Amino acid sequence: MPTFDFKQLDVFSSVPLKGNPLAVVLGADSLTDQQMADFAKWTNLSETTFLLTPRDPRADYRVRIFTTLQELPFAGHPTLGSCYAWLQAGGVPKGEQIIQECEIGLVRIRRQGDELAFIAPPLLRAGEVEASLLERVRLGLGLAPGAILRSQWVDNGAGWLAVMLADRQTVLDLRPDYAQLLGLAVGVIAPCDTGDAQFEVRAFVAGDGAPEDPATGSLNAGVAQWLLSEGLAPDRYVVSQGTAMGRAGRIRVERQGDEIWVGGAVTVCIDGRLQL
């Protein structure tokens with residue numbers, strides 16, 4: 001039976017078990033699509049990734065990203081976690097930055113101290129959320145009329161739409177009706193001041209094996225493009241996510257010129273071999 005190097009990491013936290021877990025299978029070129037999908041269902045994590053030989057000569061490695069339901073063209077915490085696993089396994093980038101190939105294209109990643117950051121990819125869908133869908137989201141989140149102050153599509157491959165509420169406590173008190181939200185990926189954000197963070201975020205993916213995501217790179221990358229384009233956030237800020245789940249994720253966002261970087265810490269929790 002073939003064996004593969006395997007790591008399980010905690011992303012967006014320097015403290016084990018306080019971020020967003022990710023399973024990574026290295027050297028996965030021989031696995032079939034069905035084996036990848038089946039293993040991702042078995043891990044029952046929000047995402048599982050598989051590292052492969054790149055097809056594009058500019059890339060350092062290729063990654064395929066699976067949820068328990070489907071393959072994604074891009075996702076944020078799998079990008080950072082996969083890069084960290086690749087570097088830990090001895091990967092040496094061709095240039096100063098690491099170039100990841102995924103279904104959305106090439107994604108640049110940089111090292112900043114002990115942390116990694118990826119450049120926010122272009123949005124596949126932007127603009128305000130249509131009224132009928134926004135009402136469905138409001139009901140699914142159990143919010144009073146008028147509680148949603150702003151809304152925006154922030155889809156960079158994972159299907160995210162985002163809504164803004166007035167304050168952190170309202171975000172933390174949410175108890176979603178996942179039946180109402182089935183098939184949607186909904187991010188909720190509110191400004192706050194926790195001392196080390198300026199926004200609180202929650203991320204809901206109804207129907208997935210992990211219906212709430214503890215710390216979400218793709219959502220925060222899309223939200224950053226929205227907030228920064230409308231002057232709703234400073235050029236550098238920190239997001240708190242996972243609080244309602246007992247986690248303590250911290251996502252760092254920084255605008256440099258026309259580029260937006262999204263980053264955080266990564267911690268290895270499991271390092272071993274996998275038989276498939």
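Side notes on the structure shown:
- Set Ala37, Ala23, Ala85: member being in a helix (DSSP H, G or I), crowded, with 24+ Cβ neighbours inside 10 Å and not charged (D, E, K, R): Ala85
- Pro54 falls short on exactly one of the conditions (1) in contact with a helix residue (DSSP H, G or I) (Cβ under 6 Å, 6 or more places away or on another chain); (2) farther than 17 Å from Leu116 by Cα, and that condition is (1).
- Within the range 210-224, not a single residue is part of a strand (DSSP E or B), open to solvent by less than 30 Å² (accessible area, probe 1.4 Å) and over 18 Å from Asn20 (Cβ atoms).
- Contacts under 9 angstrom Cβ, first residue in the range 1-26 being free of Cβ contacts under 8 Å to residues at least 40 places away in the same chain, partner assigned to a loop (DSSP other than H, G, I, E, B), 6 or more apart: Ala23/Leu45; Ala23/Glu47
- Pairs with Cβ under 7 Å, 6+ apart, first in the range 128-157 and crowded, with 19+ Cβ neighbours inside 10 Å and assigned to a loop (DSSP other than H, G, I, E, B), second hydroxyl-bearing (Ser, Thr, Tyr) and modelled with pLDDT of 95 or more: Val129/Ser151; Asn156/Ser218; Gly157/Ser218
- Long-range neighbours under 7 Å by Cβ, at least six apart or interchain, first residue under 15 Å from Ile104 (Cα atoms) and part of a loop (DSSP other than H, G, I, E, B) within the range 58-74, second small (Gly, Ala, Ser) and at pLDDT 95 or above: Phe74/Ser218
- Number of positions in the range 173-196 that are closer than 23 Å to Ala233 by Cβ, assigned to a loop (DSSP other than H, G, I, E, B) and of a type outside the set (Asp, Glu): 4
The values are calculated or read from the model by the stated rules, or taken from the named source; none is laboratory data. This structure is a prediction, so every number in the text was calculated from the model and none was measured. In this analysis, Cβ positions are derived from the backbone assuming ideal geometry, glycine residues included, and neighbour counts consider all displayed protein chains. Areas reflect the complete protein model, heavy atoms only, side chains present, ligands, DNA and RNA absent. Shrake-Rupley method; radii C 1.70, N 1.55, O 1.52, S 1.80 Å.
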